[in-house]
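Working notes, structure below.
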Amino acid sequence: MKHNLLTTTTIAMLLASSAYAQEAIKIGVLTPLSGTYAGIGQQVRWGIDQSVEEINAAGGIAGRQIELVYEDSEANPAVAVTKAEKLFTVDNVDFLTGTVNSGATLAVGQVADRADKLIATTVSFSDAITGSGCSPNVFRVNARAGQQSEALAAWLKQEKPGAEVYYLGPDYEMGRSTVAAFKERAESVGATSTGEVFAPLDSKDYSQYFGQLRAARPDVLYTSVAGNDTVRLFTQMNDFGVSEGLTILGASGTVTAQNINAIGAAAEGFITGVGYSVLIDSPENKAFTEAFRERNGADPDLYGADSYGLLFAYKAAVEAAGATDTDSVRAALEGLSWETPQGTKTIRAGDHQAMQPMYVVEVKNGQFTIVRSIAGEDAIGPDTCDKF
Amino acid sequence: MHDRLDISMRANHVFFWILVIVALVFAAFASFSGDVFYLRLATEALILGGLALSIDILLGFTGLLSLGQALYFGIGAYVSALVLREEPSFWLAMGAAGVSVLLAGIAGGLIANRVRGVYFALITFGMAQVVAKVVYNSRELGASDGLIGIPVIEIPLGLITLSAGDPLGFFLLTLVIIALLYSVSAYLLGTPFGRIIIALKANEKRVPYLGYSTWAARMAAYVLAAVIAGLAGALYPMLRGFVSPELLFFATSGDALIMVIVGGAGTLAGAIWGAVILTMLKSVIGSWTEHHLIVIGLIFMSAILFMPKGIVGMLKPFVERNLLRNSARQPKPEPERTAL
């Protein structure tokens, strides 16, 4: 067997040789270790490694140690399905996780269906995974795109009832679907839509859209641009005075730790809905973030936190079921509630989507500040899965 | 007497037959040991071998560097996937994919064959990127998520019916299809038409002086390559049950180009050997180290430095010498096919 993970396996072997003769539970981690999403894969790996070290040190799952098998998905579904088949049939893993891009999760989910194994994603956002493309063998423990919209819409309802909202998205499929999703939620809580515009990715000049934006006289602007596009959009809005008197809401990727410094003062007052923030004020999160920083030399982000939480759910399910076979573990995971750094998560049996508290964060003095938390039940949205 | 092209093609056949024998031995061994993963990986390698074969027709024979051959592989895969989702019929999917890539190849050829050299490479690259972006952003085609839910089909083959979910059966079927694509390519390149194509690579300016149209020959080679790539692509969703826009990306075209160069450009069989070797290497090295891209890159660089003609290209002179010696012993230099 090949291991990429020296520390965990060393600990695992030490413990296994001393106390437990039982066979280890094998978990495959299929995540991008190279390419565009390698940064996300790194967080996934840190989170999972840390949880495995803790679980193994505390005696493993029902007395059995966890052994991880890593494979690089290269963020390419075509590579991911091949690697998933290898993990299922050659390495004989009991459970698989780590897929990042939604295309890979959907395709690997189908491999899991055909191999009669379970997978869980801790990263993919696409609503399809637990919606139109749901599968009895696929679970998601992170918040999907819709939950962010629900959280923001809940905030909008309370803070800006009857708001007039304008939408500005990047002109590609993901941009259009995030805008469409939020628009639907916002209108359902009584907001009025005053218009929408889509700017090409990597736009250098957003001022051409400001005329339409001002003419529509919105109270609230929703945007799902990301990365350097946000830097340009926000600074240009600031320079033109468009952002005065306007509340700006956005997707969770719009303003991040990576671009907040470049945006500077123009980011002030930006509001978004997230499933995790290091600022969550709970003893569980404090302990987790401290251990994470100590171990990995970096702050956890939502991917690290969601990945860390996953295996505690798997442990609880296997221990409740008393077995690792697919049917027993699936039944035990459905409806399971467990503790994570983000608070209590519950897997909804109807579509295998985890319900979790969502947080509305606002940029204040250049820092993300949690302004409100929305209960998991209020942010989950309807169950649209009809496959099981 | 000893036609160089004839000897060269017969040497290619030798390498292809070795591949077939290795494949059959492997299949027997794999099915005996109850393996699923490596059989399906080998099937994928053969499918990618079809894509590499199409690149070799352009690069190794016509002298055209296509950086966007994944375009036709992807169109074949998407058309096959869309048909299979509606109607799980193998022949319908192959037929629809074949007709679609034929039309797409003609359209692409009309654009790309207006230019030569580096501009041809850039245009083929650009066309593939444009179509990949369109697919990536079309919700009807599954957008960035791709299309899943392609059923495991039953393939009626006259007397027997084969399931695409049976690893051994589908591997053998893919081997037969790739062998057919190889045979058709080899046959066409051996005809007078094939010689015009090869003349294009040698010296394109002289071909019109011999009374042949360079445009028609280039066009024919381009469309032939498109159809081969598309038919190979049509097998992909049957094996993996999904398609995604990544199949059209440069990574797919680039990988296939590496397969051709490692295997040996201008040898046909080398393209398929290259696909098999690279796919197996990627799987083994990928599981061994997360720095697999560096290792693959080093292998590729050393292959170019130390074996510029590729594996088959390097071994081919020995086989050719043997074939020449054998045919010299025979009283009549009749093209003896059974000797292969």
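The values are calculated or read from the model by the stated rules, or taken from the named source; none is laboratory data. As the structure is a computational prediction, the values presented were derived from the model and not from experiment. Ideal geometry is used to build each Cβ from the backbone, glycine not excepted, and the neighbour counts take in all protein chains shown. Heads up: the accessible areas ignore ligands, DNA and RNA and are worked out on the full protein's heavy atoms, side chains in. Shrake-Rupley method; radii C 1.70, N 1.55, O 1.52, S 1.80 Å.
Annotations
- For the range A:211-230, filtering for residues that are in a helix (DSSP H, G or I) and among the small types (Gly, Ala, Ser) leaves 3.
- Sub-9 Å Cβ pairs linking a first residue in the range A:76-93 that is of a type in the set (Asp, Glu) to a second residue that is surrounded by 22 or more Cβ atoms within 10 Å (Cβ to Cβ) and outside any helix (DSSP H, G or I), at least 6 apart or interchain, are A:Asp91/A:Gly28; A:Asp91/A:Val69; A:Asp91/A:Glu71, ordered by first then second residue.
- Across the range B:75-107, the qualifying residues are those that are β-branched (Val, Ile, Thr) and under 18 Å from B:Ile148 (Cβ atoms), and the one among them that is farthest from the chain's Cα centre (by Cα) is B:Val83.
- The set of residues from the range A:276-286 being open to solvent by 40 Å² or more (accessible area, probe 1.4 Å), touching a residue at least 24 places away in the same chain (Cβ under 8 Å) and not in a loop (DSSP other than H, G, I, E, B) comprises just one member, A:Glu284.
- Verdict on B:Val135 being of a type in the set (A, V, I, L, M) and either within 23 Å of the chain's Cα centre (by Cα) or within 16 Å of B:Gln69 (Cβ to Cβ) (or both): yes
- Candidates B:Val319, B:Val312, filtered to the one that is open to solvent by less than 20 Å² (accessible area, probe 1.4 Å) and either touching a residue at least 24 places away in the same chain (Cβ under 8 Å) or touching a strand residue (DSSP E or B) at 6+ places or on another chain (Cβ under 6 Å) (or both): B:Val312
Condition check ((1) out of contact with any Cys (no Cβ under 8 Å at 6 or more places or on another chain); (2) more than 14 Å from chain B (Cβ to nearest Cβ); (3) open to solvent by 20 Å² or more (accessible area, probe 1.4 Å)) across all residues:
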position: A:Pro161; (1), (2), (3): yes, yes, yes
position: A:Val165; (1), (2), (3): yes, yes, no
position: A:Asp171; (1), (2), (3): yes, no, yes
position: A:Thr178; (1), (2), (3): yes, no, yes
position: A:Ala181; (1), (2), (3): yes, no, yes
position: A:Thr192; (1), (2), (3): yes, yes, yes
position: A:Gly195; (1), (2), (3): yes, yes, yes
position: A:Leu201; (1), (2), (3): yes, no, yes
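- Cβ separations smaller than 8 Å between residues 6+ apart or across chains give the following pairs from the range A:318-345 residues that are charged (D, E, K, R) to residues that are part of a helix (DSSP H, G or I) and surrounded by 19 or more Cβ atoms within 10 Å (Cβ to Cβ): A:Lys345/A:Gly309; A:Lys345/A:Ala313; A:Lys345/A:Gly376.
- Number of residues in the range B:276-300 that are more than 14 Å from chain A (Cβ to nearest Cβ) and in contact (Cβ under 8 Å) with a residue 12 or more places away in the chain equals 4.
- Among (1) at pLDDT below 90; (2) within 14 Å of chain B (Cβ to nearest Cβ) - the single one A:Asp49 does not satisfy: (1)
Condition check ((1) over 20 Å from the mean Cα position of the chain (by Cα); (2) of a type in the set (Ser, Thr, Tyr); (3) modelled with pLDDT of 95 or more) across all residues:
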position: A:Phe125; (1), (2), (3): no, no, no
position: A:Gly131; (1), (2), (3): no, no, no
position: A:Ala145; (1), (2), (3): no, no, no
position: A:Ala153; (1), (2), (3): no, no, no
position: A:Asp171; (1), (2), (3): yes, no, no
position: A:Thr178; (1), (2), (3): no, yes, no
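- Only residues that are of a type in the set (A, V, I, L, M) and open to solvent by 20 Å² or more (accessible area, probe 1.4 Å) were counted across the range A:112-122, and they come to 1.
- Applying the condition of being polar (S, T, N, Q) and either closer than 18 Å to B:Leu67 by Cβ or assigned to a helix (DSSP H, G or I) (or both) to the range B:208-259 and asking which residue is nearest to the other protein chains (Cβ to nearest Cβ) yields B:Thr252.
- Annotation: of all residues in the range A:75-113 being of a type in the set (D, E, K, R) and touching an Asp or Glu at 6+ places or on another chain (Cβ under 9 Å), the one that is nearest to the other protein chains (Cβ to nearest Cβ) is A:Lys86.
- Test for A:Leu156: is it away from every other protein chain (no Cβ under 11 Å), touching a helix residue (DSSP H, G or I) at 6+ places or on another chain (Cβ under 8 Å) and either hydrophobic (A, V, I, L, M, F, W, C) or farther than 30 Å from B:Trp288 by Cα (or both): yes
- Among the conditions (1) among the hydrophobic types (A, V, I, L, M, F, W, C); (2) in the same structural domain as A:Gly322 (by TED's automatic domain parsing); (3) open to solvent by less than 10 Å² (accessible area, probe 1.4 Å); (4) under 20 Å from A:Gly275 (Cα atoms), A:Phe125 misses just one, which is (3).
- Conditions (1) within 21 Å of A:Gly304 (Cβ to Cβ); (2) surrounded by fewer than 24 Cβ atoms within 10 Å (Cβ to Cβ); number of the one not met by A:Asp91: (1)
- Looking only at the range B:117-148, residues that are out of contact with any strand residue (DSSP E or B) (no Cβ under 6 Å at 6 or more places or on another chain), in a loop (DSSP other than H, G, I, E, B) and either open to solvent by less than 30 Å² (accessible area, probe 1.4 Å) or on the phi > 0 side of the Ramachandran plot (or both) come to 2 in all.
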